[in-house]
Amino acid sequence: MSHKTYTKEQVYQIFKREAILIGHADAVPAKQATFYFSKEALAFAARVGNNKSCNAYGIGDRCSNYEYFTLYGLELAATYDNISSLLDKGTSA
């Protein structure tokens, strides 16, 4: 499966467009991130980046785990999709 490739600037523009304040920092809700990056890429970002790339925020009874991605997490996801796209095209180093 071929994915769209991204530059650092494109990922930053996605972040600027989709980010909202969660806690004390801007972040992109996980649901919004799925419009841009593959499920595998977001799982990779969550696994590799730990709390620096994504996290969850709770507000008590209403929601105990609202997942979001930081700019760092989106950059990791974009990298995953970029490399996957290159591999799908047979363009490896």
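The values are calculated or read from the model by the stated rules, or taken from the named source; none is laboratory data. A quick note: this is a predicted structure, and the numbers were derived from the prediction, not measured. Here the Cβ positions follow ideal geometry from the backbone for every residue, glycine too, while neighbour counts run over all protein chains shown. Ligands, DNA and RNA are excluded from the accessible area calculation, which covers all protein heavy atoms including side chains. Shrake-Rupley method; radii C 1.70, N 1.55, O 1.52, S 1.80 Å.
A few comments on the model shown:
- Hits in region 41-93 (condition: acidic (Asp, Glu) and in contact with a Phe, Trp or Tyr (Cβ under 7 Å, 6 or more places away or on another chain)): 81
- Residue match in region 24-38 (condition: in contact with a strand residue (DSSP E or B) (Cβ under 7 Å, 6 or more places away or on another chain), part of a loop (DSSP other than H, G, I, E, B) and β-branched (Val, Ile, Thr)): no
- Only one of the numbered conditions (1) open to solvent by less than 90 Å² (accessible area, probe 1.4 Å); (2) closer than 15 Å to residue 5 by Cβ; (3) out of contact with any Asp or Glu (no Cβ under 6 Å at 6 or more places or on another chain) is not met by residue 89, and that is (1).
- Pairs, first without any contact (Cβ under 8 Å) to a residue 60 or more places away in the chain in region 22-35, second crowded, with 16+ Cβ neighbours inside 10 Å and of a type in the set (Asp, Glu), C-beta under 7 Å, six or more apart: 28/18; 30/67; 32/18
Residue-by-condition table, conditions (1) modelled with pLDDT of 95 or more; (2) open to solvent by less than 80 Å² (accessible area, probe 1.4 Å); (3) of a type outside the set (Asp, Glu):
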residue	(1), (2), (3)
32	yes, yes, yes
35	yes, no, yes
40	yes, no, no
54	no, yes, yes
61	no, no, no
85	no, yes, yes
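- Given (1) at pLDDT below 95; (2) among the hydrophobic types (A, V, I, L, M, F, W, C); (3) crowded, with 17+ Cβ neighbours inside 10 Å, number of the condition residue 28 does not satisfy: (1)
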